[in-house]
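Visitor: The structure is given below, and queries will be raised subsequently.
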Amino acid sequence: MTVLCVRFQLPPESEAALPGLLGLLEEFTPVVEALPPDGALADLRGAERYFGRSAVELASVIRVRALALHGVDCVIGAGPGPMLARVALRDARPGVTCAVPEDAVAEFLADRPVAALPGVGTATSRTLCEYGLDTLGRVAAAPLSTLQRLIGARSGRELHEKASGVDRGRVVPNGVSLPHSRLRSSGGTPILATERPFPLDELDPDRHRRALLSAAEELGARLRALDKVCGTLTLTVRYADRTATTRTRTLREPTAHSAALTRTAYGMYEALGLQRARVRALVLRAESLAPAEQASHQLTFDPVDEKVRRVEEAADRVRAKFGPGAVIPGALAA
Amino acid sequence: MPGFTHLHTVSGFSLRYGASHPERLAERAAERGMDALALTDRDTVAGTVRFAKACAKAGVRPLFGAELAVEPPARVREDDPVRRDRRRTPVRGGAFIDESTPRVTFLARDGARGWADLCRLITAAHTAEALPLLSWDANHADGLTVLLGPASDVGRALAAGRPDRAARLLAPWREVYGDALRLEAVWHGRTGTGPGSLRLAARTVGFAAEQGVRPVLSNAVRYADPGLGPVADVLDAARRLVPIDPAGELDSGAAWLKGSDDMARVAERVVEAAGFRRETAHRLLEQTRATAAECLVDPEDDLGMGSVHFPEPHLVGAGRRTAQRALASRAAAGMVLRGHAGKRAYWERMHHELDIIAHHGFASYFLTVAQVVDDVRDMGIRVAARGSGAGSLVNHLLGIANADPIEHGLLMERFLSKERVVLPDIDIDVESARRLEVYRAIIGRFGEERVATVAMPETYRVRHAVRDVGAALSMDPAEIDRVAKSFPHIRARDARAALAELPELRALAGEQERYGRLWELVEALDALPRGVAMHPCGVLLSDASLLGRTPVVPTSGEGLPMSQFDKDDVEDLGLLKLDVLGVRMQSAMAHAVAEVERATGERIDLDALPPGDPETYRLIRSTETLGCFQIESPGQRDLVGRLQPATFHDLVVDISLFRPGPVAADMVRPFIEARHGRAPVHYPHRDLTEPLKGTYGVVVFHEQIIDIVAVMTGCGRGEADRIRRGLSDPESQGRIKVWFAQHAAANGYDAETIQRTWGIVEAFGSYGFCKAHAVAFAVPTYQSAWLKAHHPAAFYAGLLTHDPGMYPKRLLLADARRRGVPVLPLDVNKSAVAHRIELVSESEGLWGLRLALSDVHGISEAEAERIAQGQPYASLLDFWERARPSRPLAGRLAQVGALDAFGANRRDLQLHLTELHRGARGGGGGQLPLAGGRKTAPAGLPDLSEAEKLSAELGVLSMDASRNLMDDHRTFLDELGVVSARRLREARHGETVLVAGAKAATQTPPIRSGKRVIFSTLDDGTGLVDLAFFDDSHDTCAHTVFHSWLLLVRGVVQRRGPRSLSVVGAAAWNLAELLEVRAEEGLDGVAARLAEPPAQDASAPADGGGSSPARLAGSDGRPAPAGSAARDPMEDRRIRMPTGYEMHPWADLRPAGEGPAVGRKLWHQSPGSAG
């Protein structure tokens, strides 16, 4: 009973508070792993002995301090390892820490749905449920070879171990808690997203392109403000019937240059060839973000490219001074 | 100033384009002082007949024409500067509907020749592959006037500011049409130079003067009244399948049927803008008038209304003789063949009938029908005549009708007499599954130039209107679906009235305001055609001139030639129509007979069954008649239970009594009373004993009325039938009464007898049923009941394969189980494409029913065929490789146990299939782990639980094949104290009971009291429970009954006879919800749910009653027909019949919800269920 999984109940707009809250955890143990946007894992192996309290008791202390110092409530799961702590978190409520009993791990897991395991996403859990393996108990009971046939050799083995309660993971201090609000995490890759909804079903390609242009401009500006570059751009088109089409393209070089982002977004949009599709929203996401100083840039003999980048730089400075709407592309001004 | 004539007007028959009905256009033209009006619908003349009739009524001269898309001539196409590059195929949503082809208006000018040209052009346009397009080669005609408007290629060149190009494009048109060419100027008040702009209109007039082509003025009318622009926008959106774009180009709102003065002002503006003096406007109007005056097509003479055209005699086996001679000799041959040669009465009747036929010259018609029937029979297809034609001995002798009319007392006069001048009507029933084969055979026999099927316009009703308007207004699709499905299948114009009045719509009415303009637009779409389908039974037969009288277009699915006119139109046009009905029951019986022969070698001749089979009648009397033709509905089962038929005649009477007429005139009760001796039999006079004897003195049949009138007045049966037809009209009824009294008195009947007889004639006269119909219906009824009694397994196999009845298949399966027919599961090694029978126990001779592959969800015909061909399969691998099922299909087969024979459990099989699929995709033959030779190795996955298996059966087969789905809920139902259908039979009259089951059918038929009653049938595994909800319970129950699949109902038992039993519902709950509550919260949760007040009450608006008339008065939004607003809404729409029988306005409609429960919906979605 040494690892806690904490989820702070942060309102979405104040995700920036996470680093401070991580600091709170670090008062108990140096082994803290941030799970952005609002969670963290903490290994209390040493702390239990140091404070003379069990992990569950420490969980109460953490909650009290989070409430007192930051005014933020939290839910906490406890378990022998990080995986089990995360499973336990699903059952925890504010004030009630859910702990996995160390000697009855398999029983604890048996009735839980497969999707409760970290690392089992919708696709895997759908596959497993199709074959009747809807609880972890059933997964543990199924032959390893069958599991491997279902979801692949490595994931099958890992799933089988996890479902049997074998938790090989450990808490890895990552220290880097992302300092920006609106920077979300999915699968460990930081992303930046912007959405352009339409009030009615929109079919007009010109209005689509305007939306894309403004979205790409916004993304570029935000990336530059963060000193980041993005490696891939994803376009999601949402339709009236609540379905969506997603296209991802890797940029030729990681960049935060609005013109390059716009070009890529237009390319993806044109490839869809939409005509009668009832578009309700366009979402543009910048993915695989990396620090701007690590980005390379192919120089050319074409002076235009150089000029455009310098104009952009100047425009950014104007925006910094007079607000984000001070300079916009002419196409959006009308 | 003489009136203006609109030369370019479209009606609603221009699908999703025109917004007004042709009748409305004709009325408005008359109101606005116009003497003539043209109807030029897009690609069709389907509105012609209705338009011509309306014009005749309104006193307006009709002009006929059509607007067609025309392909530019080849030389123009080549130098077209605009190259259209191919667009990428969209990943979603589909491509735009291409409406870029130029459109031109054609007007029929020279009488019949003009009309024939118009028909030919439309037929030619519809031979194009995608949308109708007239190729340039086919674009020539002598009898037509052509209007080149803004949508034509010339108009477009002018709009683009290219008079030079316009001149070049005009040249080929002038070559073809010369002096019959006109340039059409249209001003809709738009700006710019596009269609409808003043500048384009002016350019057109100027261009016409320059080129020496006569200009005309039109308004390109799309709707009759101003203010319908938004409706036109919705129609545009529905046609182009896009939402309305408020920022895009909307309808100008000016395309209405403007009056002469308005058009004169338009003419002035146009000529002024063209640079002429204002006075020249009258010359433009004069040209328009002259063009209209030239177009002379007379509806009677030129369209052929009122004359008849039969196929030529040599085509129907008359050779060089006249048709009448051929008919007489065939009839005589039939006398000998059927053994009537020695009977004098038959000869007399035959000659009498032949006289009548000769009198009308209908001999070719009889020979034509006989020819068709012979051809169908030669193809080995079951065929039977229905309708009044069965009353003719000649039809019997020609082999058209099976029943002997003299034996059954059927009258020729009901069908055809010298006094009747309308076309006789013989309907023939064929097997539904082979209906198209029959059509092709008819076409093959008479040739494409004489045969066409009949169109059936599909019109907007409320659900489609909500869907199309909702999509145009960018509403959320899920929301549209919900709103549309909450409505019963009512007229679109009643949408707001229904919201105000129907209890099951109260929740929706509460949020009515949220949808804004939706309701107004929905009501405006009312009854506009939205598509054209092939009529399910009508076939036109004519002489070789057919294509000159109707345009023929290919049907979308089958590619059969179809006339653009619907069934009423073709009668008016004097086109001979033969109704060839596809009857599923005939297919089902044919399948059953074929199965018996395949499995046992026994040949059953259904047409030669022994009459009066006791077991058959025992079955019918037991009321377990599910699946039997005509007597399976809840009402019929009730009636059969009370009537207890014992002979064929009883069946005939039973079928006749269960018709709206007899039910309305209350013939049922006196008949039942007299039949069981509870009331004495009365005859008004002893002379009338003979006709009324068979029905205990109650008038049931039309034939009896004919006889009564003929006997009392001595006027002859032909005249008597004419009198009978007059009875339904209250005006002529008065005259007939006087006439009847005079003649009867002259024949020596006393006043009291006359009065009593007249009372009967008056009450039942127009509501009886034609006995010939009933006899024709009773034959398949007896045949199907005989099959059910003697070959139940084969009978169910036929029913399940062809699905003829009103009940879902799962109910038939439940019935089969109840009657002891073993239901054998699906098995890829044993099941065939269709349902089959299989010997289960040799000793008892018990036959079981093997489920069919074709019932598996998503199986294609080819796949089913391939699986059946490849049997037997040794292993899963063998099956996969030879039957080559798609992956999802194989998965479904595994789920329902069709692959159980290959070993392993159903989930293991799924895994193997996935791997086989992956292996096949990867190209390398995957190694399948085998155990014990051919068996598939288990993979250790958990098998489907029993509940999951049932769920899979419902999902895949839409049937609970292994056991009844209600069985699983038995414990809960026992806790509630629910009475099963079997135990209900012992319940006392007036007892309050709880019943539960899966909803099998829901109806709101018209009934005598004029109230709306919801009838519903529940199936609980032990039998059927028939429910009735009267209107005092509708507020609380209607929504639940219409929108739930599993129902729990509290009600009172009603008994009307030993076998007649129903439950009058007082409260209803959604059983599926209760089951969930029971599982999650236990019995206390259920109690809490039952204690809640019914949900419907809470949402009812407090002022619901008071506000509804007010809402209705203004609900039209448009000028309402005078006087309608002031009256009480219910009073206005309640349909009153002359007998004092009132019909509830919402009765007789397909109710709300999605019909009876099938498949998945009956089952809760369990988290672990497969697939």
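The values are calculated or read from the model by the stated rules, or taken from the named source; none is laboratory data. Note that the coordinates shown come from a computational prediction; the quantities given were computed from them, not determined experimentally. A quick note on method: Cβ atoms are made from the backbone with ideal geometry, for glycine too, and the neighbour counts reach across all protein chains shown.
Visitor: Take A:LEU144 and decide whether it is without any contact (Cβ under 8 Å) to a residue 24 or more places away in the chain, crowded, with 21+ Cβ neighbours inside 10 Å, more than 30 Å from A:VAL31 (Cβ to Cβ) and within 14 Å of chain B (Cβ to nearest Cβ).
Guide: Working: without any contact (Cβ under 8 Å) to a residue 24 or more places away in the chain: yes; crowded, with 21+ Cβ neighbours inside 10 Å: no; more than 30 Å from A:VAL31 (Cβ to Cβ): yes; within 14 Å of chain B (Cβ to nearest Cβ): yes.
No; evaluated as a whole, the condition is false for this residue.
Visitor: When you scan the range A:264-281, do you find a residue that is more than 13 Å from chain B (Cβ to nearest Cβ), within 22 Å of A:VAL327 (Cβ to Cβ) and not β-branched (Val, Ile, Thr), even just one?
Guide: Scanning the range A:264-281, I find at least one residue that is more than 13 Å from chain B (Cβ to nearest Cβ), within 22 Å of A:VAL327 (Cβ to Cβ) and not β-branched (Val, Ile, Thr), so the answer is yes.
Visitor: What number of residues in the range A:1-46 are modelled with pLDDT of 80 or more, over 19 Å from the mean Cα position of the chain (by Cα) and within 24 Å of A:VAL166 (Cβ to Cβ)?
Guide: 10
Visitor: While we're looking at this one, here's another question. Taking only pairs six or more apart or across chains, which ones have beta-carbon atoms under 7 Å, a first residue in the range A:192-206 that is within 11 Å of chain B (Cβ to nearest Cβ), and a second residue that is of a type in the set (S, T, N, Q) and outside any strand (DSSP E or B)?
Guide: Sorted first by the residue in the range A:192-206, then by its partner, the pairs are A:LEU200/B:SER474; A:ASP201/B:SER474.
Visitor: Here's something else I'd like to know. Suppose we keep only residues that are in a loop (DSSP other than H, G, I, E, B) and surrounded by fewer than 20 Cβ atoms within 10 Å (Cβ to Cβ) within the range B:215-231. Which one would you say is nearest to the other protein chains (Cβ to nearest Cβ)? It would help to see each step written out before you state the result.
Guide: Step one: of the range B:215-231, the residues in a loop (DSSP other than H, G, I, E, B) are B:219-220, B:222, B:224-228.
Applying the additional criterion that residues be surrounded by fewer than 20 Cβ atoms within 10 Å (Cβ to Cβ) yields B:225-227.
On the way: B:ASP225: 28, B:PRO226: 26, B:GLY227: 23 Å.
Top of the filtered list is B:GLY227.
Visitor: Which residue pairs have Cβ atoms closer than 7 Å, lie 6 or more positions apart in sequence or on different chains, and pair a first residue in the range B:128-140 that is of a type in the set (S, T, N, Q) with a second residue that is part of a loop (DSSP other than H, G, I, E, B)?
Guide: Once the first residue is of a type in the set (S, T, N, Q) and sits in the range B:128-140, its partners that are part of a loop (DSSP other than H, G, I, E, B) give B:SER135/B:GLU71.
Visitor: Now for a different question. Condition first: more than 30 Å from B:VAL430 (Cβ to Cβ), within 14 Å of chain A (Cβ to nearest Cβ) and buried (at least 17 other Cβ atoms within 10 Å of the Cβ). Can you find one or more residues in the range B:874-891 that meet it? Let's see the steps before the verdict.
Guide: We begin by selecting, within the range B:874-891, every residue more than 30 Å from B:VAL430 (Cβ to Cβ); these are B:874-891.
Then keep just the ones that are within 14 Å of chain A (Cβ to nearest Cβ); that gives B:887-888, B:890-891.
Applying the additional criterion that residues be buried (at least 17 other Cβ atoms within 10 Å of the Cβ) yields B:890-891.
The answer is yes; a qualifying residue exists.
Visitor: For the structure I just gave you, tell me whether B:ALA478 is buried (at least 21 other Cβ atoms within 10 Å of the Cβ) and not assigned by TED's automatic domain parsing to the domain that holds B:LEU367. First the steps, then the outcome.
Guide: Values: buried (at least 21 other Cβ atoms within 10 Å of the Cβ): no; not assigned by TED's automatic domain parsing to the domain that holds B:LEU367: yes.
No; evaluated as a whole, the condition is false for this residue.
Visitor: Okay, moving on. Could you please give the count of residues in the range B:232-281 that are assigned to a loop (DSSP other than H, G, I, E, B), touching a residue at least 12 places away in the same chain (Cβ under 8 Å), within 14 Å of chain A (Cβ to nearest Cβ) and buried (at least 17 other Cβ atoms within 10 Å of the Cβ)?
Guide: Total meeting the criteria: 4.
Visitor: What residue, among those in the range B:975-1001 that are in a strand (DSSP E or B) and closer than 15 Å to B:GLY1051 by Cβ, is modelled with the lowest pLDDT? Spell out how you get there, then give the answer.
Guide: Pass one, the range B:975-1001, residues in a strand (DSSP E or B): B:992-1001.
Subsequent filtering for residues that are closer than 15 Å to B:GLY1051 by Cβ retains B:992-997, B:999.
Working: B:THR992: 91, B:VAL993: 91, B:LEU994: 91, B:VAL995: 92, B:ALA996: 91, B:GLY997: 89, B:LYS999: 86.
This residue is B:LYS999.
Visitor: Still on this model: Going through A:ARG280, A:ARG276 one at a time, which residue ends up being touching a Gly at 6+ places or on another chain (Cβ under 6 Å), assigned by TED's automatic domain parsing to the domain that holds A:ALA193 and closer than 30 Å to B:LEU241 by Cβ? Even if it seems obvious, please write down each step before you answer.
Guide: On the way: A:ARG280 fails: touching a Gly at 6+ places or on another chain (Cβ under 6 Å).
Selected residue: A:ARG276, the only one of A:ARG280, A:ARG276 that is touching a Gly at 6+ places or on another chain (Cβ under 6 Å), assigned by TED's automatic domain parsing to the domain that holds A:ALA193 and closer than 30 Å to B:LEU241 by Cβ.
Visitor: Going through the range B:540-565 one residue at a time, which ones are part of a strand (DSSP E or B) and buried (at least 17 other Cβ atoms within 10 Å of the Cβ)? Spell out how you get there, then give the answer.
Guide: Taking the range B:540-565 as the starting set, the residues that turn out to be part of a strand (DSSP E or B) are B:540-541, B:552-554, B:561-565.
Within the range B:540-565, B:LEU540, B:LEU541, B:VAL552, B:VAL553, B:PRO561, B:MET562, B:SER563, B:GLN564, B:PHE565 qualify.
Visitor: Answer yes or no as to whether A:ALA286 is within 14 Å of chain B (Cβ to nearest Cβ), of a type in the set (Gly, Ala, Ser) and not in a helix (DSSP H, G or I).
Guide: Working: within 14 Å of chain B (Cβ to nearest Cβ): no; of a type in the set (Gly, Ala, Ser): yes; not in a helix (DSSP H, G or I): yes.
No; evaluated as a whole, the condition is false for this residue.
Visitor: Of the numbered conditions (1) part of a strand (DSSP E or B); (2) surrounded by 18 or more Cβ atoms within 10 Å (Cβ to Cβ), B:LEU839 satisfies every one except a single condition; which is it?
Guide: (2)
Visitor: Please go through the range B:726-740 and pick out each residue that is without any contact (Cβ under 8 Å) to a residue 40 or more places away in the chain and not in a helix (DSSP H, G or I).
Guide: Result: B:LEU727, B:ASP729.
Visitor: Of all helices (runs of 4 or more DSSP H) completely enclosed by the range B:639-725, which ones contain at least 2 residues that are among the polar types (S, T, N, Q) and more than 26 Å from B:CYS628 (Cα to Cα)?
Guide: Details: elements: B:648-657, B:660-664, B:668-675, B:689-692, B:702-713.
Of the helices (runs of 4 or more DSSP H) lying wholly inside the range B:639-725, those with at least 2 residues that are among the polar types (S, T, N, Q) and more than 26 Å from B:CYS628 (Cα to Cα) span B:702-713.
Visitor: Only one residue in A:ALA92, A:ALA140 is closer than 19 Å to B:LEU944 by Cα and in contact with a Gly (Cβ under 9 Å, 6 or more places away or on another chain). Which one?
Guide: Details: A:ALA92 fails: closer than 19 Å to B:LEU944 by Cα.
One residue alone meets the criteria, A:ALA140.
Visitor: Given the condition of a type in the set (A, V, I, L, M, F, W, C), crowded, with 23+ Cβ neighbours inside 10 Å and within 14 Å of B:ALA785 (Cα to Cα), answer yes or no: does some residue in the range B:618-626 qualify?
Guide: Step one: filter the range B:618-626 for residues of a type in the set (A, V, I, L, M, F, W, C), giving B:619-620, B:626.
Right, trim to crowded, with 23+ Cβ neighbours inside 10 Å and you get B:620, B:626.
Checking the rest, the ones that are also within 14 Å of B:ALA785 (Cα to Cα) come to B:620, B:626.
Yes, the range B:618-626 contains at least one residue that is of a type in the set (A, V, I, L, M, F, W, C), crowded, with 23+ Cβ neighbours inside 10 Å and within 14 Å of B:ALA785 (Cα to Cα).
Visitor: Still on this structure, I have one more. For residues that are crowded, with 18+ Cβ neighbours inside 10 Å, in contact with a Ser or Thr (Cβ under 8 Å, 6 or more places away or on another chain) and either acidic (Asp, Glu) or more than 29 Å from B:ALA590 (Cβ to Cβ) (or both), tally how many sit in the range B:409-449.
Guide: 4
Visitor: Exactly one condition in (1) more than 22 Å from B:GLU431 (Cβ to Cβ); (2) surrounded by fewer than 19 Cβ atoms within 10 Å (Cβ to Cβ) is not met by B:ASP607; state its number.
Guide: For B:ASP607, the failing item is (1).
Visitor: What is the one condition in (1) in a loop (DSSP other than H, G, I, E, B); (2) at pLDDT 90 or above; (3) not hydrophobic (A, V, I, L, M, F, W, C) that A:THR248 does not satisfy?
Guide: Single failed check for A:THR248: (1).
Visitor: Let me ask something additional. For the range B:566-598, which residues satisfy the criterion of being surrounded by fewer than 23 Cβ atoms within 10 Å (Cβ to Cβ), at pLDDT 90 or above and of a type in the set (Gly, Ala, Ser)?
Guide: B:ALA590, B:ALA594
Visitor: Would you point out the residue of the range A:235-245, among those that are within 16 Å of A:ALA211 (Cα to Cα) and of a type in the set (Val, Ile, Thr), that is nearest to the other protein chains (Cβ to nearest Cβ)?
Guide: Within the range A:235-245, the first condition is being within 16 Å of A:ALA211 (Cα to Cα), and the residues that meet it are A:235-239.
Filter again for of a type in the set (Val, Ile, Thr), leaving A:236-237.
Working: A:THR236: 12, A:VAL237: 8 Å.
This residue is A:VAL237.
Visitor: With respect to B:TYR796, is the statement that it is of a type in the set (Phe, Trp, Tyr) and at pLDDT below 90 true? Talk me through it step by step, then tell me what you get.
Guide: Numbers: of a type in the set (Phe, Trp, Tyr): yes; at pLDDT below 90: no.
No, not satisfied.
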